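For reference, the structure discussed in these notes is given below.
The values are calculated or read from the model by the stated rules, or taken from the named source; none is laboratory data. Note that the structure is predicted; figures quoted are calculated from it, not measured. Note: ideal-geometry Cβ built from the backbone for every residue, glycine included; neighbour counts use all protein chains shown.
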Amino acid sequence: MRTQLILFSLILVLFACSKSEDTNLAPNQPVILTPADGETCESLRPALTWEASDPEEDELSYTVWMGTDENNLLVVSDGLQNTRFTPAENLLTSTKYFWQVEAHDGSESTKSEIVSFGTKGEGESGVLPSKPLIIAPKNDVGAGDITFTWNASINGVGTITYDLYVKHGAATEFTLLEGGIDGTSHTSNITAGSLSWYAEAQDSRGQTSRSSVITISIN
């Protein structure tokens with residue numbers, strides 16, 4: 001009888017211990033914030049962000065999966081301690097990417113849904129020709145032959161040409177003074193009066209960037 005009581009007591013103790021052990025709960029599913037699913041990114045190094053939590057408030061780390069094949073994502077970063085990842089190098093232009101993030105609590109892990117984003121093509125926003133920087137004239141000059149000059153634009157695709165726009169006196173709109181300029185200057189005969197002008201760079205795909213507007217007096 002005594003032996004039976006001892007055995008019964010041991011069973012109760014073992015049962016109580018097993019019940020008291022904590023069962024780890026997996027992290028909640030991460031939620032993708034940016035880029036939003038289907039978004040087209042202007043930057044070729046977009047910041048990937050998400051939010052995540054753990055039901056037991058365990059400390060989390062993250063793995064980022066990404067690729068151009070939804071069914072064959074690769075690990076691009078592991079062991080992240082924050083909820084943000086930026087690619088170290090530029091992504092391909094005009095490309096659709098898929099990605100997801102996996103949250104780890106040390107024992108269990110949970111993956112987010114797979115979402116996609118796209119990158120813009122060359123010559124589009126993000127790789128536009130740079131804005132031309134005006135050199136002269138920036139100050140008042142005499143009437144007659146005036147040489148307009150600016151710094152060369154960079155970036156863009158292919159050959160870059162320039163259009164020169166001016167606005168005389170009380171005119172409300174700019175007009176094209178000379179288009180398709182191959183170099184970074186143009187000389188034209190200008191009469192006296194107030195003059196505003198700017199140069200616009202255009203690459204082979206028609207993407208443009210314009211300089212700041214300069215306003216001077218022609219005496």
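Quick check, is ILE114 in contact with a strand residue (DSSP E or B) (Cβ under 7 Å, 6 or more places away or on another chain), under 30 Å from ASP69 (Cβ atoms) and either surrounded by 14 or more Cβ atoms within 10 Å (Cβ to Cβ) or polar (S, T, N, Q) (or both)? First the steps, then the outcome.
On the way: in contact with a strand residue (DSSP E or B) (Cβ under 7 Å, 6 or more places away or on another chain): yes; under 30 Å from ASP69 (Cβ atoms): yes; either surrounded by 14 or more Cβ atoms within 10 Å (Cβ to Cβ) or polar (S, T, N, Q) (or both): yes.
Yes; evaluated as a whole, the condition is true for this residue.
Kindly check whether there is at least one residue in the stretch 142-164 that is modelled with pLDDT of 95 or more, crowded, with 18+ Cβ neighbours inside 10 Å, among the charged types (D, E, K, R) and outside the structural domain of THR93 (by TED's automatic domain parsing).
Looking through the stretch 142-164, at least one residue is modelled with pLDDT of 95 or more, crowded, with 18+ Cβ neighbours inside 10 Å, among the charged types (D, E, K, R) and outside the structural domain of THR93 (by TED's automatic domain parsing).
Just checking: which of the strands (runs of 3 or more DSSP E) contained wholly in the stretch 1-111 hold 3 or more residues that are modelled with pLDDT of 90 or more?
Details: elements: 31-34, 39-41, 48-51, 61-67, 74-80, 96-104, 109-111.
Qualifying strands (runs of 3 or more DSSP E): 31-34, 48-51, 61-67, 74-80, 96-104, 109-111.
Any residue at all in the stretch 87-98 that's in the same structural domain as THR208 (by TED's automatic domain parsing), of a type in the set (Phe, Trp, Tyr) and touching a Ser or Thr at 6+ places or on another chain (Cβ under 8 Å)? Steps first, please.
Within the stretch 87-98, the first condition is being in the same structural domain as THR208 (by TED's automatic domain parsing), and the residues that meet it are none.
No, the stretch 87-98 contains no residue that is in the same structural domain as THR208 (by TED's automatic domain parsing), of a type in the set (Phe, Trp, Tyr) and touching a Ser or Thr at 6+ places or on another chain (Cβ under 8 Å).
Taking the stretch 86-108, which residues are out of contact with any Phe, Trp or Tyr (no Cβ under 8 Å at 6 or more places or on another chain) and surrounded by 13 or more Cβ atoms within 10 Å (Cβ to Cβ)?
Here is the first cut: in the stretch 86-108, the residues out of contact with any Phe, Trp or Tyr (no Cβ under 8 Å at 6 or more places or on another chain) are 86-90, 92-95, 98, 105-108.
Within the stretch 86-108, PRO87, THR93, THR95, PHE98, ASP105, GLU108 meet the criteria.
For the stretch 132-219, which fully contained strands (runs of 3 or more DSSP E) count at least 2 residues that are without any contact (Cβ under 8 Å) to a residue 24 or more places away in the chain and under 30 Å from LYS120 (Cα atoms)? If you could, list the steps in order and put the result at the bottom.
Values: elements: 134-136, 144-150, 161-168, 175-181, 185-190, 193-202, 208-210, 214-218.
Those strands (runs of 3 or more DSSP E) span 175-181.
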